[in-house]
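**Student:** Can you keep this structure in mind? I'll have questions shortly.
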């Protein structure tokens, strides 16, 4: 059976066959091609011919596109869940504050640079105006976890009371209008 399909003989470079004919179960056309780096021969989809094998393509990616060389590199600053994060070099003094990928939250870095030391994990940097990517030093406050909870509770209470005052003022205006009319 294999002889009738011609699969037992070695294909020639550039030979084209259908996917079903090769046992792939697809209607794609495939071509016998060689990797342009290592020369390994294999069946590849016809529109992907002239490329590299997976092994060579992976090597090139890791060598060519590492952080600063990547085409989408923007200087190491990016937005993550509303916070700005900055890529750190292992030689940087503040590198111990970085995560596994080498990034540190910018507001923590700004506070650490102001203090001249790395922050501990339990120290929290609070944004006074609640804008997560506004990392000016004047907008930041270093607090402990329990103090941050108190600040958050008080700020929420103030906001609720301000909304209540606005609603009562609007109610007063309506009541004054009704009194004048009658």
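**Student:** Does any residue of the range 90-108 turn out to be touching a strand residue (DSSP E or B) at 6+ places or on another chain (Cβ under 9 Å), assigned to a helix (DSSP H, G or I) and farther than 24 Å from residue 78 by Cα?
**Tutor:** Among the residues of the range 90-108, not one is touching a strand residue (DSSP E or B) at 6+ places or on another chain (Cβ under 9 Å), assigned to a helix (DSSP H, G or I) and farther than 24 Å from residue 78 by Cα, which makes the answer no.
**Student:** Turning to a different aspect of this structure: Restrict the check to the range 110-130 and report whether at least one residue is in contact (Cβ under 8 Å) with a residue 12 or more places away in the chain and closer than 30 Å to residue 35 by Cα.
**Tutor:** Checked against the condition, which is being in contact (Cβ under 8 Å) with a residue 12 or more places away in the chain and closer than 30 Å to residue 35 by Cα, the range 110-130 yields no hits at all.
**Student:** In the range 115-137, what count of residues is obtained for those that are loosely packed, with under 14 Cβ neighbours inside 10 Å and in contact with a strand residue (DSSP E or B) (Cβ under 8 Å, 6 or more places away or on another chain)? Spell out how you get there, then give the answer.
**Tutor:** First, the residues of the range 115-137 that are loosely packed, with under 14 Cβ neighbours inside 10 Å: 115-117, 120-122, 128-131, 133, 136-137.
Okay, now just the ones that are also in contact with a strand residue (DSSP E or B) (Cβ under 8 Å, 6 or more places away or on another chain), so 115, 128, 133.
Total satisfying the criteria: 3.
Rule-based calculations on the coordinates, nothing more; no lab input. Because the structure is predicted, anything quoted here is derived from the model rather than measured. Reconstructed Cβ throughout: ideal geometry from the backbone, glycine too, with neighbour counts over all protein chains shown.
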